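The values are calculated or read from the model by the stated rules, or taken from the named source; none is laboratory data. What you see is a predicted model, and the numbers here were worked out from it, not measured in a lab. Note that each Cβ is placed from the backbone with ideal geometry, even for glycine, and that neighbours are counted across all protein chains shown.
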Amino acid sequence: MRMGGQLTPIAQSYIENFDVVVAAIPNIFTRKWLMGVAKEYICLNDYYADMREDGKNRRNTYRRMADTILAEMRSGKRVCAAFYGHPGIFACISHMAIADARAEGYEAHMEPGISALDCLVADLGIDPGTRGMQSMESTQFMIYQRNIDPTSLLILWQPGIAGELALKKLETNEEYLQVLVDKLTRTYPPEHEVYLYEAATDPLEKARIDKLQLKDLPRAFLKQITTLVIPAAQDLQKDQSIIDQLDAITARRQSARGEMAEQA
Ligand SMILES: C[S@@+](CC[C@H](N)C(=O)[O-])C[C@H]1O[C@@H](n2cnc3c(N)ncnc32)[C@H](O)[C@@H]1O
């Protein structure tokens, strides 16, 4: 997320030592650093222009990015494909490139990185282990039947492009966001407090942590890097039948141990 301090030593070593680094890095400082340290650097940022062509969308762009990584690999180079955050979280290009490389008999692997979710947990002081966590892409949540658990934390990724089904624009609008809110209010009260979160991506920046009521989301300013954080709205409810079942097992095992001790 933030090059200074959040780039793992092993990722840095690959970036500096492999024959070529291929990347679509939005942060200009990170990009300049990569260009300086890589033996050869192939920038994929311009590929996003593909989406403006007729008949093409984000999926074509991602496929073309993966194909560029693979073409470098087939030419015999040791290739490092670099992504921000964790390269395997909401990053289909890395998964496609690794699967295709392995299918062709090449060795390929992924190094984990610090994701937006890791930063979110730290900055918001939320432990996903306390109540459990659901995490999904905003548009996927909108267009599929999903069971949302209001007793756990819900993280919605990419609200800044929520509802953009054509996959041609990297933006949303107030009406799409209203549809998202309407669906969320099947589970949460309209006044439920949610957060818009943006991790700092350079050392001089502070994280954005804006608290707002769910009903105000359509008028909020969302960027491509914004993540929507929806805390639990209800208390956990005990499942007494399971507790009874566990108690019965414990009692049975204790009495069996007692009988064995008596026989001995
Ligand atoms: C294509 S995904 C990439 C995620 C990235 N691979 C990671 O591990 O964080 C883009 C989404 O990640 C989240 N994201 C990316 N940068 C972020 C940031 N600086 N702060 C908070 N969330 C961010 C947003 O939900 C954004 O829409």
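Looking only at the stretch 116-126, decide whether some residue is of a type in the set (Val, Ile, Thr) and either over 15 Å from the mean Cα position of the chain (by Cα) or more than 11 Å from the ligand (Cβ to nearest atom) (or both).
Within the stretch 116-126, one or more residues are of a type in the set (Val, Ile, Thr) and either over 15 Å from the mean Cα position of the chain (by Cα) or more than 11 Å from the ligand (Cβ to nearest atom) (or both).
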### Task
Please indicate, with yes or no, whether at least one residue in the stretch 11-18 is of a type outside the set (S, T, N, Q) and part of a loop (DSSP other than H, G, I, E, B).
yes
### Query
So Lys223 fits all but one of (1) within 16 Å of the ligand (Cβ to nearest atom); (2) within 21 Å of Met133 (Cβ to Cβ); what number is the exception?
(2)
### Query
Can you name the number of the only condition in (1) more than 10 Å from the ligand (Cβ to nearest atom); (2) surrounded by 15 or more Cβ atoms within 10 Å (Cβ to Cβ); (3) in a helix (DSSP H, G or I); (4) of a type in the set (A, V, I, L, M) that Ala81 fails?
(3)
### Summary
Taking the stretch 201-219 and keeping residues touching a helix residue (DSSP H, G or I) at 6+ places or on another chain (Cβ under 8 Å), closer than 30 Å to Thr30 by Cα and at pLDDT 95 or above leaves Ala207, Ile209
### Query
In the stretch 97-150, what count of residues is obtained for those that are closer than 18 Å to Pro231 by Cβ, of a type in the set (A, V, I, L, M, F, W, C) and surrounded by 13 or more Cβ atoms within 10 Å (Cβ to Cβ)?
11
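Inspect all residues belonging to the stretch 146-163 and state whether any of them is within 16 Å of the ligand (Cβ to nearest atom), out of contact with any helix residue (DSSP H, G or I) (no Cβ under 8 Å at 6 or more places or on another chain), of a type in the set (A, V, I, L, M, F, W, C) and more than 22 Å from Met51 (Cβ to Cβ).
Here is the first cut: in the stretch 146-163, the residues within 16 Å of the ligand (Cβ to nearest atom) are 153-163.
Keeping just the survivors that are out of contact with any helix residue (DSSP H, G or I) (no Cβ under 8 Å at 6 or more places or on another chain) gives 154, 160.
Then drop every residue that is not of a type in the set (A, V, I, L, M, F, W, C), which leaves 154.
With the extra rule that they be more than 22 Å from Met51 (Cβ to Cβ), the set shrinks to 154.
Yes, the stretch 146-163 has at least one match.
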### Query
Among the candidates Tyr176, Tyr197, Tyr188, which residue alone is among the aromatic types (Phe, Trp, Tyr), under 15 Å from Leu120 (Cβ atoms) and either at pLDDT below 95 or crowded, with 19+ Cβ neighbours inside 10 Å (or both)?
Tyr197
